[in-house]
Amino acid sequence: MRYEKLAKVYEELSKTTKRLEKIDILSKFLEDIGKEDSDIMYLLEGRIYPAYDERKIGISNQIAIKAISKATGTDSKKVLLKWKKVGDIGEVAKELTQTKKQTTLASNIPTTKKVIDNLRKLPELVGKGTIDKKLSLITELLTSTSPIESLYLIRTLIGDLRIGVQESTIKYSILKAFFKNNKDYEINLQRAIDRSNDLKEVFEYARTRKIEELDKINLEVGKPIKAMLAQKAKSVEDAFTHLGKPLAAEYKYDGFRLLIHKKGDKVHLFTRSLENVTNQFPEVIDYIKKFIRGESFILDSEAVGYDKKTKKYTDFQKISQRIKRKYDIEKLSEKLPVEVNVFDVLFYNGKSELEKPLRERRKLIDKIVKSHPYKLITSKFIESSDKKEIENFYKMALKDNQEGIMLKNLEAPYKPGRRVGNMLKLKPEENELDLVITGGEWGTGKRSGWISSFILSCKKGNNYLEIGKVGTGIGEKENEENKVTFDELTKLMNPLITEEKGKNVTVKPKIVVTIHYQDIQKSPTYESGWALRFPRITALRPDKPLSEIADLEEIEKDFLEQRKKNYKYG
Ligand code: AMP
């Protein structure tokens with residue numbers, strides 16, 4: 001298919017904010033995609049591989065500018081200036097393509113296949129001369145793209161497609177295109193998406209228009225799936241209302257989510273953002289092989305750090321460095337040991353367990369996991385209909401340095417990637433939000449050379465809205481009381497800077513942080529309309545994807561609840 005056709009669909013999609021219209025446009029387009037072009041399913045989400053694949057396009061604005069400059073014969077300084085004025089590098093590409101003289105030969109008309117082929121070569125390039133090679137792959141495309149194609153090609157490259165299409169939009173479009181919008185089939189379709197985490201695969205089965213074909217898709221060990229997400233409970237009483245009685249209560253461990261895959265002798269470990277961390281946790285692989293029975297399985301767990309001497313659990317911040325570590329891994333695992341707390345099973349010996357009720361999944365876990373404290377255990381769990389008993393369990397969790405408890409519906413299935421309300425978290429009423437850093441200000445005096453104040457944003461749809469500034473809670477020296485440091489943040493932010501004005505910088509939204517704050521106020525200062533009072537950064541969250549930061553609705557809800565005045569006990 002010509003890339004132009006896809007670009008026009010992008011354009012149509014971006015022109016409407018109405019979901020039904022988007023589904024209409026997309027479902028018609030899906031019918032036109034032949035099997036040989038099914039990679040387009042990735043392009044529709046701005047990807048080149050399935051959601052679970054770690055290979056990302058990863059082109060910086062700087063490289064995009066150079067490519068535009070080369071392809072359109074415009075001085076790169078001029079491109080940069082234009083970008084500062086227009087604010088969208090895709091638009092700059094569009095404009096400059098429009099003005100350059102047309103030299104395209106008929107044989108050079110770009111196809112979606114050619115685009116994806118070139119883009120897929122980008123993450124493979126390493127070592128000397130990488131930048132030049134990347135540039136020539138991009139300019140090869142850009143010299144033959146039309147203005148509108150250039151716009152979307154550049155946006156795809158920098159990972160900011162802006163067409164307002166989510167996975168669910170694509171799901172409903174598939175339903176409409178191939179199953180006459182039969183809502184009875186939505187379950188089958190969602191199940192296929194959950195199990196494969198690969199829209200191209202789902203599309204290929206769906207286009208046969210036979211629902212039985214979709215049912216053939218199963219989970220695969222080694223292919224990461226999205227973890228089920230939690231909502232908040234206000235109290236045990238509130239949890240009973242939502243989950244029924246009896247319910248399951250478990251410790252909410254203050255660590256990071258770890259999805260464990262094993263088949264034969266091979267183990268893979270993934271975080272909740274589907275990052276492969278197998279190499280970072282050699283001791284965990286050992287525990288899995290020794291203490292869990294089964295030929296193949298996928299388990300859900302939380303890895304939590306503890307102090308070797310005191311055997312006390314530590315907070316997430318302390319062990320977070322293990323996730324990204326590439327060297328001295330054995331040494332670090334000695335220094336910062338983790339205990340794995342298994343709380344769910346998604347797949348066992350060739351069969352999906354997703355659809356089974358938690359009650360049965362938990363039974364299976366108890367059967368196959370042999371607990372070894374401070375190595376690998378099943379999560380602390382009670383089944384109860386008694387408010388007092390659960391409240392005592394909650395107090396015990398807090399005493400054990402954990403965040404609180406999780407309350408779960410015993411009859412519910414496992415729903416990957418969704419916050420469906422079968423799993424609630426109960427934590428002490430301390431205000432906390434996960435937000436993303438979108439800017440900052442260079443420091444002065446003893447903080448010069450560092451970015452020393454940080455702009456925080458929440459999300460609204462695909463946009464990020466500022467909600468406050470923070471300069472406290474950050475350490476000056478490395479490892480100061482386990483705080484995040486200015487140096488650490490500055491290093492992370494530097495490559496993400498997209499604009500500098502005086503001391504102020506704007507950065508690409510990428511760095512997710514946990515913020516604790518006193519309360520929320522309405523505010524005209526920030527574009528979100530809200531401001532946080534006394535915010536402090538309490539942790540970097542490399543494990544959390546951008547899709548999981550707080551959205552405007554959550555903030556409004558927190559504000560209303562704060563007004564009702566906090567539910568407190570324990
Ligand atoms: P939050 O990150 O505050 O939305 O809380 C949900 C997270 O708590 C999950 O993603 C897990 O990483 C973590 N967690 C800790 N203990 C448990 C547990 N027993 N069951 C489920 N999730 C848990």
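The values are calculated or read from the model by the stated rules, or taken from the named source; none is laboratory data. The structure presented is a predicted model; accordingly, all values stated were derived computationally and were not measured. Backbone-built Cβ (ideal geometry, glycine too); neighbour counts: all protein chains shown. Accessible surface is based on the protein model in full, side chains and every heavy atom, while ligands, DNA and RNA are left aside. Shrake-Rupley method; radii C 1.70, N 1.55, O 1.52, S 1.80 Å.
Out of the trypsin sites (Lys or Arg not before Pro) in region 176-215, which ones are loop residues according to DSSP with at most 13 other C-beta atoms within 10 Å? Before the final figure, lay out each step's value.
Details: sites: Lys176, Lys180, Lys183, Arg191, Arg195, Lys200, Arg207, Arg209, Lys210; in loops: Lys180, Arg207, Arg209, Lys210.
Qualifying residues, ordered by number: Lys180, Arg209, Lys210.
Quick one: check the C-alpha center-to-center distance for region 228-273 versus region 320-340, whole angstrom.
23 Å
Using Cα-only point scatterers and the Debye equation, what is log10 of I(q)/I(0) for region 229-426 at each q in 0.12 Å⁻¹, rounded to two decimals?
So the normalised log intensities are -0.58.
Pairing the Cα long axis of helix 130-142 with the longest principal axis of the chain, what angle in degrees results, from 0 to 90 and rounded to the nearest 10?
60 degrees
Sequence gap at least 6, Cα distance under 8 Å: using those rules, report the relative contact order of region 110-198 to the nearest whole percent. Can you show the working numbers first?
Values: 29 pairs, mean separation 15.1, N = 89.
After rounding, I find 17 percent.
Tell me the Kirkwood radius of the chain: reciprocal of the mean inverse pair distance over distinct alpha-carbon atoms, in Å.
25.7 Å
What do you get when you divide the Cα radius of gyration of region 432-569 by 2.2 N^0.38 Å, with N the number of residues? Present the calculation step by step, with values, prior to reporting the outcome.
Working: Rg = 14.8 Å, N = 138, 2.2 N^0.38 = 14.3 Å.
Compared with the compact-globule rule of thumb, region 432-569 sits at 1.04.
What 222 nm value per residue comes from the helices of the chain, counting each DSSP H run with n ≥ 4 as -39,500 (n - 2.57) and dividing by all residues, nearest 500 deg cm²/dmol?
One gets -11000 deg cm²/dmol as the mean residue ellipticity at 222 nm.
Between their Cα atoms, which of Lys312/Lys544; Lys35/Lys134; Lys56/Lys223 are more than 18 Å away from each other?
Lys312/Lys544; Lys35/Lys134
Rounded to two decimals, what is the ratio between the C-alpha radius of gyration of region 318-445 and 2.2 N^0.38 Å?
Cα-based Rg divided by the globular estimate yields 1.35.
Just tell me which lysines come within less than 23 Å, Cα to Cα, of Lys18; anything on the same chain fewer than 8 places away is out.
Qualifying lysines at Cα under 23 Å: Lys5, Lys8, Lys28, Lys171, Lys176, Lys180, Lys183, Lys459, Lys460.
So if I place +1 on the C-beta of Lys and Arg and -1 on the C-beta of Asp and Glu, and nothing else carries charge, what would the dipole magnitude of region 210-349 be about its Cα centre? I want it in debye, nearest 20.
With only Lys, Arg, Asp and Glu charged at Cβ, the dipole is about 440 debye.
Hull surface divided by four, with the convex hull built on the Cα atoms of region 105-163: how many nm²? Write down the numbers at each step before the final one.
On the way: hull surface 17.6 nm².
Mean orientational projected area (region 105-163, Cα hull): 4.4 nm².
Would you mind giving the three semi-axes, in whole Å and largest first, of the ellipsoid equivalent to region 36-140 according to its Cα gyration tensor?
Semi-axes (√(5λ), whole Å): 24, 17, 15.
If you roll a 1.4 Å probe over the heavy atoms of the protein chains, what accessible area per residue do you get for region 3-158, in Å²?
Per residue, region 3-158 has an accessible area of 48 Å².
Counting other C-beta atoms within 10 Å, and keeping those with at most 15, which DSSP coil GluC sites (Glu not before Pro) do you find in region 243-337?
Glu295
Once the principal axes of the Cα atoms of region 396-497 are found, what is the range along each, listed largest first in whole angstroms?
Here the Cα extents, ordered largest to smallest, are 58, 38, 22 Å.
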